[in-house]
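These notes concern the structure reproduced below.
The values are calculated or read from the model by the stated rules, or taken from the named source; none is laboratory data. Just so it is clear, the model here is predicted, and its values are computed rather than measured. With ideal geometry, Cβ positions are generated from the backbone for all residues, glycine too; neighbour counts draw on all protein chains shown.
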Amino acid sequence: MIESVIILILILIIFNLITTRIKVKDDAKQIYSKQLDILQLEVNLLRENKINPTEVISITEHDRMKKEYDFKLNLFKDEYEQVSAELNTQMEQNSKLVSQRQSNHVKLGKVAENFYPLLSDFPYDSKKCVAMLAPIDLLYFGEDEIVFIEIKSGSSSLSPKQRNIKKLIEDGKVSFETHKIKDTGITVK
């Protein structure tokens, strides 16, 4: 839930930055379009001798407007860099929080795995279970069966190693061996 809210906030910030940038570009296009219209009008008036060339001031106006646009663009760049820095800081903080939350979920899962056999809905006699913890959580030793038990919480799933163990069991590739330690080494029977 927290990750969804964080992602939504980040999307809104990015959308705001993009729309602000588009607005600045659109404003600049409108300014330059107006300047072009003024220049075109002055050229036409000059051709028709309706105005004196000394009355043409659009070049100066153009320079002023360009400086104004550059100033606004620099303000936008400064604001963008500031918001970008704030966004990066927020993302780092959120990343730490997400990491801590995931770590807490893992720890909680480990605790739950240890207590699960003691719960009333555990389908086996907990006294006949042995905790292995890795890569499989429990082994149940019943009278006529041995069950490998992997406990998962939330949306977690089997790891690749656990899936492989499950497949080996399902394929009947499980055996029993007795190993005896002698002074000269280990023998397998």
>> I'd like the full set of residues that are under 28 Å from residue 103 (Cα atoms) and surrounded by 12 or more Cβ atoms within 10 Å (Cβ to Cβ), limited to the range 141-155.
In response: 148, 149, 150, 151, 152, 153
>> Cβ-Cβ under 6 Å, sequence separation 6+ or interchain: first residue in the range 168-189 and in a loop (DSSP other than H, G, I, E, B), partner modelled with pLDDT under 85 and surrounded by fewer than 10 Cβ atoms within 10 Å (Cβ to Cβ). Which pairs?
In response: 177/188; 178/189
>> Restricting to the range 139-161, name every residue that is touching a Phe, Trp or Tyr at 6+ places or on another chain (Cβ under 9 Å) and not hydroxyl-bearing (Ser, Thr, Tyr).
In response: 139, 142, 146, 147, 148, 149, 151
> From the list 108, 73, which residue is closer than 30 Å to residue 31 by Cβ, in contact (Cβ under 8 Å) with a residue 12 or more places away in the chain and not basic (Lys, Arg)?
Replying inline: 73
